[in-house]
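Notes follow once the structure below has been shown.
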Amino acid sequence: MDIPNWPGKKILVAEDVETNFLLVQAILKKTEVTLYWAMNGIEAMEYIDSKKPDLLLLDIRMPGMDGYEVLAEMRKKKIDIPVVALTAYALREDELRIKEAGFDAYITKPIKSKLLIETIDTYFSKMQ
């Protein structure tokens with residue numbers, strides 16, 4: 001698989017489990033994207049306001065504010081960036097709830113490198 005190059009692009013990873021963030025970091029290392037890590041939903045909202053990411057990888061289950069609450073707050077504030085849900089929930093009803101909530105896409109855990117890169121590239125390709 002060709003590794004895309006995204007210098008100048010910023011991704012916020014909102015994930016309360018450090019090893020999950022480190023995995024995303026390792027997968028995306030060669031893309032030259034700038035990564036920020038928020039450990040909970042409240043911190044994610046602060047980073048969205050201060051860092052102005054181009055894309056958000058958002059864990060569904062986090063302390064403080066969960067992924068659904070973060071997405072709802074973003075939409076209320078008219079923050080319009082692609083939001084990809086990261087979830088351990090892979091049941092059909094979970095998928096439906098994620099789509100109904102308005103996430104742009106979702107990736108189930110454990111995260112697969114190829115799917116993560118392809119999903120992000122879909123949105124970054126549209127931004128050029």
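Readers should treat all values here as calculations from the given coordinates under stated rules, not as data from a laboratory. Computed from a predicted structure; not experimentally measured. We place every Cβ from the backbone using ideal geometry, glycine too, and count neighbours over all the protein chains shown.
Could you tell me whether the chain comes out rounded, prolate or oblate from its Cα gyration tensor? Rule is a ≥ b ≥ c as square roots of the eigenvalues, rounded for a/c under 1.5, then prolate if a/b exceeds b/c, otherwise oblate.
Cα axes put the chain in the rounded bin.
About its Cα centre, how strong a charge dipole does the stretch 10-122 have in debye, to the nearest 20, once Lys and Arg get +1 and Asp and Glu get -1 at the Cβ?
240
When a/c is below 1.5 the answer is rounded, else prolate if a/b is larger than b/c, else oblate, so apply that to the stretch 71-128 with a ≥ b ≥ c taken from the square roots of the Cα gyration tensor eigenvalues.
oblate
Net charge around K30, counting only other residues with Cβ within less than 15 Å of its Cβ (Lys, Arg = +1; Asp, Glu = -1)?
Values: positive: K9, K29, K114; negative: D2, E32, E118, D121.
Result for the local shell: -1.
Among 29-42, 55-68, 104-117, what's the highest-first ranking by average C-beta atoms within 10 angstrom per residue? Before the final figure, lay out the partial values.
On the way: 29-42: 17.7, 55-68: 21.1, 104-117: 15.1.
With the highest mean Cβ count within 10 Å placed first, the list reads 55-68, 29-42, 104-117.
Of the listed peptides 44-54, 9-19, what is their order by residue-averaged count of other C-beta atoms within 10 Å, with the highest listed first?
So the order, starting with the most tightly packed, is 9-19, 44-54.
Toward the positive end of the charge dipole of the chain, about the Cα centre and with charges on Cβ (Lys, Arg +1; Asp, Glu -1), which of L71, Y47, I11 goes farthest?
I11
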